[in-house]
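Novice: First the structure, which I've put down as structure tokens, then a few questions once you've had a look.
Derivation of every value follows stated rules applied to the coordinates shown; laboratory data play no part. All values reported here derive from a predicted model rather than from experimental measurement. Every residue, glycine as well, gets a Cβ built from its backbone with ideal geometry; the counts of neighbours run over all protein chains shown.
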Amino acid sequence: MITGLSHVSIVVPSLDTAASRLKAIYGLSVGEASINEQQGVRLACVELGNAKIELMEPSRPDSPVSKFLERNPNGGIHHVCFAVDSVEAMCSDISGKGARVLGEGKPQFNVHGERIAFVHPKDFLGALVELEEHGVRREA
Ligand code: CO
């Protein structure tokens with residue numbers, strides 16, 4: 001079951017440049033960056049209270065995010081992420097209804113160790129969707 005919006009993710013050519021622009025223009029503070037080796041991204045978040053903005057840059061040349069930047073050199077919205085109570089239950093439910101879950105069923109995790117999965121854009125109205133498991137809602 002989808003329980004909320006976790007974040008909107010934007011690919012940027014440079015995390016540091018993006019962070020300074022968000023700070024200078026909007027007064028937004030970008031948190032500390034961390035690397036997700038499995039996904040090939042270096043990322044940092046802006047906490048908005050009820051959701052986050054996630055900024056991502058490639059952490060290695062063969063990152064899927066590098067291909068995104070080849071097509072969109074200035075960056076852009078990459079995916080939206082919904083919180084779900086169980087990634088496994090959600091994936092089995094939507095797969096049963098014909099939606100394609102990416103990654104060949106291999107368990108994937110975010111930098112906080114939370115279970116995640118991606119749904120094919122064609123199966124969510126053209127938007128790449130990430131599902132993120134929030135067992136107990138963490139306080140901001
Ligand atoms: Co994300």
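Novice: Among the residues of region 1-16, write down those that are away from the ligand (no atom under 12 Å from the Cβ) and either in a strand (DSSP E or B) or among the charged types (D, E, K, R) (or both).
Specialist: Once the filter is applied, which keeps residues that are away from the ligand (no atom under 12 Å from the Cβ) and either in a strand (DSSP E or B) or among the charged types (D, E, K, R) (or both), region 1-16 yields I2, T3, G4, D16.
Novice: Of the residues A83, A127, which is under 18 Å from S9 (Cα atoms), within 16 Å of the ligand (Cβ to nearest atom), in a strand (DSSP E or B) and small (G, A, S)?
Specialist: Just one listed residue meets the conditions, A83.
Novice: If you don't mind, there's one more thing I want to ask. Among (1) buried (at least 19 other Cβ atoms within 10 Å of the Cβ); (2) more than 25 Å from A24 (Cα to Cα), there is one condition E104 misses while meeting the rest; what is its number?
Specialist: (1)
Novice: Of all the residues that make up region 17-72, how many are surrounded by 19 or more Cβ atoms within 10 Å (Cβ to Cβ), under 13 Å from the mean Cα position of the chain (by Cα) and assigned to a helix (DSSP H, G or I)?
Specialist: Looking only at that region, the number is 1.
Novice: Is one or more of the residues making up region 60-67 more than 16 Å from the ligand (Cβ to nearest atom) and either closer than 15 Å to I2 by Cβ or in contact with a Cys (Cβ under 7 Å, 6 or more places away or on another chain) (or both)?
Specialist: Checking region 60-67: not a single residue is more than 16 Å from the ligand (Cβ to nearest atom) and either closer than 15 Å to I2 by Cβ or in contact with a Cys (Cβ under 7 Å, 6 or more places away or on another chain) (or both).
Novice: Any residue at all in region 89-107 that's more than 12 Å from the ligand (Cβ to nearest atom), among the polar types (S, T, N, Q) and part of a loop (DSSP other than H, G, I, E, B)?
Specialist: No, every residue in region 89-107 fails to be more than 12 Å from the ligand (Cβ to nearest atom), among the polar types (S, T, N, Q) and part of a loop (DSSP other than H, G, I, E, B).
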